[in-house]
């Protein structure tokens, strides 16, 4: 026979009926109890000083005294294993405080000859040492209406097979206002900054307004560096937040209590919104997400607020939102490209030129739908602005290149002809005919470059005279022009001026060098002898 537990209400009813003068058998029949059970409670009530007849109302303390009188005396509240735990209390407490698992604590006690069953050890640690007890959970206030919206993201389900038989798994951005819990779901293929901004734009259109604070999960699509006090937001998303007028306050990393109201939304949306649905493509999934948000979940009574989320939002939160965006947002692209040796940096698979001093250095770049701006990574000053071109194209500003290389970079043959014409009319005419003589563009450029080399080698005057003879003979060949310059007799050098000996500045008269007459006579006599 199964044991039936008698509740406190039934015990109190037994005592009240007994005080009213009803017989014990009648009480047992009325409450479907055994007569012996009724007799036990009546005996305990008499032992506690109660008696039949009109008395003051029975209170809970008197009923508790009756129940305590019926409780059997079990002697010791715990067994021998509990006493062994009490004897080793200090050792167990030290191990539990150090983070040692209870199963390991039991094995360590067993090595010392102390055998304690694990259930007893667990009950002792919980009751006496506070093992496994968490701190008190304090509910956080919802805040002001229209102030905060939480954003979470996660994997949903697979779409239907496409024309190639492939099925793709999509994700979803989930928006949950802090007060009304009126959720909005926006599916996407990948979790990126672009899809995050795109989801926000559609969410503001869905809510017909912008929340003042966005509390996202610590996702790399929004948060660059996670920090509890000074988190760093991705530049693209931070610029978008500034444009729309809201602030970003990300949750801490691995702290689900920071967004407890949306922590289980990924599972709920996956199971309640998309599970069992046949979704052909991403557009079909987005239609399904909007219908579920507005008509199904939005019109279902919330278990916490006990209100319809949609009606709750429209009544309390919508009037406090910022105005919805009137124009679409141009999503920018931020990157840190390196300028190559050719003075071009790659942004979104397109090349853009920069000044010569930025070769082999990194710059900060921002690209939108119309322009590409390059910034100094240290001073954050704009160093170059280009119109945006399609992937695979090139935007080159010739002013960025040195003048001697800009002509060849732009294939500017006309500039080479003008440069040759500046050295002489005949050279310019020869260069014009040389350019028109060949249909090959690079061959003409190289021949004009060779002509410039001949000018530097032989001098403009000599090349101009030779080009005049070549043009007169209708000869347009740069190699024959080079041979003509080599075999031609060099011009006669100009006659040297007459060499005039300058007059000495301190010339003495001839008498200073003549011999005295007596000396001359002595010399002559000596020669005769």
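General remarks:
- Within the option set 319, 325, being touching a residue at least 60 places away in the same chain (Cβ under 8 Å), assigned to a loop (DSSP other than H, G, I, E, B) and within 27 Å of residue 246 (Cβ to Cβ) holds for one residue only, 325.
- In the condition set (1) surrounded by 10 or more Cβ atoms within 10 Å (Cβ to Cβ); (2) modelled with pLDDT of 65 or more; (3) outside the structural domain of residue 415 (by TED's automatic domain parsing), residue 500 is compliant with all but (1).
- Of all residues in the stretch 259-295, those being surrounded by 15 or more Cβ atoms within 10 Å (Cβ to Cβ), part of a helix (DSSP H, G or I) and modelled with pLDDT under 90 number 5.
- Residues of the stretch 380-403 that are without any contact (Cβ under 8 Å) to a residue 12 or more places away in the chain and more than 19 Å from residue 335 (Cβ to Cβ): 399, 403.
- The stretch 431-470: number of residues that are over 60 Å from the mean Cα position of the chain (by Cα), part of a helix (DSSP H, G or I) and either without any contact (Cβ under 8 Å) to a residue 12 or more places away in the chain or over 14 Å from residue 421 (Cα atoms) (or both): 5
- Scanning the stretch 421-430 finds one or more residues that are outside the structural domain of residue 354 (by TED's automatic domain parsing), buried (at least 17 other Cβ atoms within 10 Å of the Cβ) and either at positive phi or in contact with a strand residue (DSSP E or B) (Cβ under 9 Å, 6 or more places away or on another chain) (or both).
To keep it simple, each residue is scored yes or no on (1) in the same structural domain as residue 88 (by TED's automatic domain parsing); (2) surrounded by fewer than 10 Cβ atoms within 10 Å (Cβ to Cβ); (3) part of a loop (DSSP other than H, G, I, E, B).
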| position | (1), (2), (3) |
| --- | --- |
| 108 | yes, no, no |
| 137 | no, yes, yes |
| 157 | no, no, no |
| 161 | no, no, yes |
| 167 | no, no, yes |
| 172 | no, no, no |
| 185 | no, no, no |
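- Any hit, the stretch 355-369, residues being in a helix (DSSP H, G or I) and in contact (Cβ under 8 Å) with a residue 40 or more places away in the chain: yes
The values are calculated or read from the model by the stated rules, or taken from the named source; none is laboratory data. Just so you know, these numbers come straight off a predicted model, no measurement behind them. Cβ sites come from the backbone with ideal geometry, for glycine too, and all protein chains shown count toward neighbours.
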